[in-house]
1. If I take R0 = 30 Å and measure r between the Cβ atoms of Trp89 and Asn172 in this structure, what FRET efficiency does the formula 1/(1 + (r/R0)^6) give, to the nearest 0.05?
2. Testing the spin-label approximation: label points 7 Å from Cα along Cα→Cβ at Val157 and Leu179. State their distance in nm.
3. What nm distance separates the two modelled labels at Phe201 and Arg106, each placed 7 Å from Cα along Cα→Cβ?
4. When the chain is fully extended, how far beyond the present Cα-Cα distance does Val121 get from Val140, taking 0.36 nm per residue of separation?
5. Exposure proxy check: Asp197, Asp167 ranked by fewest other beta carbons within 10 Å?
6. What is the fewest-to-most order of Ser177, Ser132, Ser120, Ser193 by other Cβ atoms lying within 10 Å of their Cβ?
7. Please give, to one decimal in nm, the separation of the simple spin-label points placed at Thr186 and His164, each 7 Å out from Cα toward the Cβ.
8. How do Val157, Val128 rank when sorted from fewest to most other Cβ atoms within 10 Å of their own Cβ?
Amino acid sequence: MKLAFITTLIVLLLVQMKITMCRYRARKLKSTAPVIPKRVVTHKWDDDPEQKPIPQKIPAQEITRNPKQNSAARQILSLKSIQQSIRSWEKKSYEEMSWLLEYLNRSCAPYAHLYSIGSSVQNREIWVLALSDNPSIHEVGEPEVKIIGNIHGNEDVGREVILHLLDYICSNIENDSELDSIVRNTRIHFLPSLNPDGSYFFSYIRIGNGAFASRKWQKYR
């Protein structure tokens, strides 16, 4: 019995020593391993965006009338075309989304009506694009549907899907009788981003020294 006990004790000690050595080697390898920097896109602000002044609202009519008087206009006009921007799955900023909705509102007339249901805490308009034969009027007996995306800050995919769906409808409504019938007999309210503030702040992560990096499509962290 005594021999068995001593043998078991020795085995346990050897196992413990092995585990300790493995942990030591792992720490040593980790400390000497080269640091590979992640490829990131630095945010244009080099300090905390929460400390920046809140931008003023841009009314829908101002977007159409004075496209060169704000940074959002310059940003969207720098793209090859607005339509290409819609059909790209590149994650869009709030300013880009606003301009794309204004473009769809004009290109899909008279079936479209762009309106705001209010503004966020950070003073961003919450845009809705309604599609119907009389998009700005509630008709008695006509079904009304709302499609909402980006309810939580990290749900950007829903916003992009809604923009793509709007582009598809506006591009095919004249040639698709079934699509035309749906739009004429239903009033559909598309709200791509219910939470524009959350979407913005979830799009960037602090990387140190006051700088921010784009998260792109990294939903879960």
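1. 0.95
2. 2.4
3. Label-label distance for Phe201 and Arg106, simple model: 3.4 nm.
4. Details: separation 19, 0.36 × 19 = 6.84 nm, distance 3.40 nm.
Net length gain for the segment: 3.4 nm.
5. By the 10 Å Cβ count, ascending: Asp197, Asp167.
6. Lowest to highest Cβ neighbour count: Ser177, Ser120, Ser132, Ser193.
7. 1.9
8. Values: Val157 14, Val128 19.
Least to most surrounded, the residues fall as Val157, Val128.
Every read-out reported here was derived from the displayed coordinates using simple, explicitly stated rules and does not represent laboratory data. Keep in mind that this is a model prediction, so the values were computed, not measured. FYI the Cβ positions are ideal-geometry reconstructions off the backbone, even for glycines, and counts take in every protein chain you see.
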